[in-house]
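Participant: This is the structure I want to talk about, given as structure tokens.
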């Protein structure tokens, strides 16, 4: 059954909201459960399409995974397979994160090239190079990876780029390696620190996450635990940008402003009043927004590429022009043509986009092109005159447990319309 979102714009947002658990934390943590012998209880796990895909991967490996209310219970004691089908791998790019965990537990792993949003080349060469340094033998043939490792041995691995996925994959593999692994030039995202905290809650010995050097003492017998993932900072950024777009006064519970410093700094430049109080973030925005200094995406702690589209949408009616430079992915402006259908003035040249503020946006029928681009369409629709219909929202459901439910709590006029 297909669905679309119907949004009536022009309504300021007001209210309090507890932000869902982080997609980019829970997915590597679900892969990490493979290393834990015993039941893992993930508290308040977000019910996302990508989480469902991860659950199906675990079940295909012989693991048990089931929901109890908002909690996800995983038990990998019965795992008896080490292959992931091409169909399951194609459902999401982050499925590659299972490689290191399966290899560490089974001594071999067979997977196909992963799928996900079409944002341009995102090779897993760094993952594979690091695993080879730990002792894995990897053959690539016909789009499949055949990996074996009689024994993984810890060593220092220097990443040529601070890749989030490679850092996480190597952390998981290193937990099953003998000795100490040091990952240098590691990615520093908060979600990597969350993965470290989960592994340590299971009995692992990992340190340094959140810095450029992560150390893993391998060979520890990991056990089950209860764990609650960090709040999703990109979902929080989306709703802050929604308030900037529609105007209003909102409070997001559970979010740490330190993890969103570049986003909140940009919104303050645009005229929003934002305060962090240790329990969450308050955001008051009144029209019109002002153009801001150039925004250049970069690995954490730089401006997150996942927040580029929603910030762009928040500035469509700003006074002046703002320049965006996308340095992470090649195809991260696929949402622009849909925003232009709503009356936006955006010019794209290569990796640069210039947003010139317009007096008004008009509701329109638009189509999601990817996860964050879909969220950006919702942000823009909140400021548009009239109604907008947003189609192909399966992209949005990959990262937002209920974007319509959350925005309704904040006072937006938005509903999900189911189509036969």
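Participant: Looking at segment 1-45, which of its residues are closer than 20 Å to residue 67 by Cα, in a strand (DSSP E or B) and modelled with pLDDT under 95?
Facilitator: 37
Participant: Would you be able to tell me the number of residues in segment 372-395 that are surrounded by fewer than 24 Cβ atoms within 10 Å (Cβ to Cβ) and within 16 Å of residue 305 (Cα to Cα)?
Facilitator: 0
Participant: Consider residue 95 carefully, then state whether it is surrounded by 23 or more Cβ atoms within 10 Å (Cβ to Cβ), modelled with pLDDT of 95 or more, under 19 Å from the mean Cα position of the chain (by Cα) and assigned to a helix (DSSP H, G or I). Step through it out loud before you land on a result.
Facilitator: Working: surrounded by 23 or more Cβ atoms within 10 Å (Cβ to Cβ): yes; modelled with pLDDT of 95 or more: no; under 19 Å from the mean Cα position of the chain (by Cα): yes; assigned to a helix (DSSP H, G or I): yes.
Answer is no for this residue.
Participant: Residues 90, 108: which one is outside the structural domain of residue 395 (by TED's automatic domain parsing), touching a strand residue (DSSP E or B) at 6+ places or on another chain (Cβ under 8 Å) and more than 20 Å from residue 149 (Cβ to Cβ)?
Facilitator: None of the other options fit; the residue is 90.
Participant: Here's a follow-up. When the residues of segment 57-92 are narrowed to those that are crowded, with 16+ Cβ neighbours inside 10 Å and under 19 Å from the mean Cα position of the chain (by Cα), which ends up modelled with the lowest pLDDT?
Facilitator: 92
Participant: Quick test for you: out of 224, 210, pick the one residue that is surrounded by 15 or more Cβ atoms within 10 Å (Cβ to Cβ), assigned by TED's automatic domain parsing to the domain that holds residue 31, in contact (Cβ under 8 Å) with a residue 12 or more places away in the chain and under 20 Å from the mean Cα position of the chain (by Cα). Break it down into steps so the answer makes sense when it comes.
Facilitator: Values: 224 fails: under 20 Å from the mean Cα position of the chain (by Cα).
Result: 210 is the single residue among 224, 210 that is surrounded by 15 or more Cβ atoms within 10 Å (Cβ to Cβ), assigned by TED's automatic domain parsing to the domain that holds residue 31, in contact (Cβ under 8 Å) with a residue 12 or more places away in the chain and under 20 Å from the mean Cα position of the chain (by Cα).
Participant: Limited to segment 241-258, what total is found for residues that are buried (at least 24 other Cβ atoms within 10 Å of the Cβ) and more than 24 Å from residue 386 (Cβ to Cβ)?
Facilitator: Within segment 241-258, residues that are buried (at least 24 other Cβ atoms within 10 Å of the Cβ) and more than 24 Å from residue 386 (Cβ to Cβ) number 2.
Participant: Is there a residue being touching a strand residue (DSSP E or B) at 6+ places or on another chain (Cβ under 6 Å), more than 21 Å from residue 392 (Cβ to Cβ), modelled with pLDDT under 95 and assigned to a loop (DSSP other than H, G, I, E, B) anywhere in segment 357-375?
Facilitator: no
Participant: On the given criteria, is residue 405 under 20 Å from the mean Cα position of the chain (by Cα), surrounded by 16 or more Cβ atoms within 10 Å (Cβ to Cβ) and either assigned to a strand (DSSP E or B) or at pLDDT 95 or above (or both)?
Facilitator: Details: under 20 Å from the mean Cα position of the chain (by Cα): yes; surrounded by 16 or more Cβ atoms within 10 Å (Cβ to Cβ): no; either assigned to a strand (DSSP E or B) or at pLDDT 95 or above (or both): yes.
Taking the combined requirement at face value, the residue does not satisfy it.
Participant: I would also like to ask the following. With the structure loaded, tell me whether residue 167 is in contact with a helix residue (DSSP H, G or I) (Cβ under 9 Å, 6 or more places away or on another chain), part of a strand (DSSP E or B), buried (at least 22 other Cβ atoms within 10 Å of the Cβ) and in contact (Cβ under 8 Å) with a residue 24 or more places away in the chain or whether it fails that test.
Facilitator: no
Participant: Still on this structure, I have one more. I'm told residue 132 meets every condition in (1) surrounded by fewer than 16 Cβ atoms within 10 Å (Cβ to Cβ); (2) assigned to a helix (DSSP H, G or I); (3) in contact with a helix residue (DSSP H, G or I) (Cβ under 8 Å, 6 or more places away or on another chain) except one. Can you identify the failing condition by its number?
Facilitator: Here residue 132 meets the rest and fails (3).
Participant: Now for a separate question. Just checking, does segment 46-54 include any residue being in contact (Cβ under 8 Å) with a residue 60 or more places away in the chain, in the same structural domain as residue 106 (by TED's automatic domain parsing) and not in a loop (DSSP other than H, G, I, E, B)?
Facilitator: Taking every residue of segment 46-54 in turn, at least one turns out to be in contact (Cβ under 8 Å) with a residue 60 or more places away in the chain, in the same structural domain as residue 106 (by TED's automatic domain parsing) and not in a loop (DSSP other than H, G, I, E, B).
Participant: Residue under question is residue 330, and the condition is that it be in the same structural domain as residue 343 (by TED's automatic domain parsing) and modelled with pLDDT of 95 or more; does it hold?
Facilitator: no
Conditions (1) assigned to a helix (DSSP H, G or I); (2) modelled with pLDDT under 95, marked per residue:
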position: 288; (1), (2): no, yes
position: 293; (1), (2): no, no
position: 301; (1), (2): no, no
position: 306; (1), (2): yes, no
position: 310; (1), (2): yes, no
position: 317; (1), (2): no, no
position: 323; (1), (2): no, no
position: 347; (1), (2): no, no
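Participant: Within segment 297-319, can you find the residues that are touching a strand residue (DSSP E or B) at 6+ places or on another chain (Cβ under 8 Å) and either surrounded by 17 or more Cβ atoms within 10 Å (Cβ to Cβ) or under 14 Å from residue 346 (Cβ atoms) (or both)?
Facilitator: Start the filter on segment 297-319 by keeping residues that are touching a strand residue (DSSP E or B) at 6+ places or on another chain (Cβ under 8 Å), which leaves 297, 302-305, 308, 311-312, 315-316, 318-319.
Answer for segment 297-319, where residues must be touching a strand residue (DSSP E or B) at 6+ places or on another chain (Cβ under 8 Å) and either surrounded by 17 or more Cβ atoms within 10 Å (Cβ to Cβ) or under 14 Å from residue 346 (Cβ atoms) (or both): 297, 303, 304, 305, 308, 311, 312, 315, 316, 318.
Participant: From 189, 205, 168, grab the single residue that is under 24 Å from the mean Cα position of the chain (by Cα), outside the structural domain of residue 298 (by TED's automatic domain parsing) and either over 16 Å from residue 103 (Cα atoms) or at pLDDT below 95 (or both).
Facilitator: Sole residue among the options that is under 24 Å from the mean Cα position of the chain (by Cα), outside the structural domain of residue 298 (by TED's automatic domain parsing) and either over 16 Å from residue 103 (Cα atoms) or at pLDDT below 95 (or both): 189.
Participant: Evaluate the following for residue 250: is it touching a helix residue (DSSP H, G or I) at 6+ places or on another chain (Cβ under 7 Å), in contact (Cβ under 8 Å) with a residue 12 or more places away in the chain and under 23 Å from residue 371 (Cβ atoms)?
Facilitator: yes
The values are calculated or read from the model by the stated rules, or taken from the named source; none is laboratory data. Every value quoted in this text rests on a predicted model; they were computed, and no experiment measured them. No Cβ is skipped: glycine too gets one built from the backbone with ideal geometry, and neighbour counts run over all protein chains shown.
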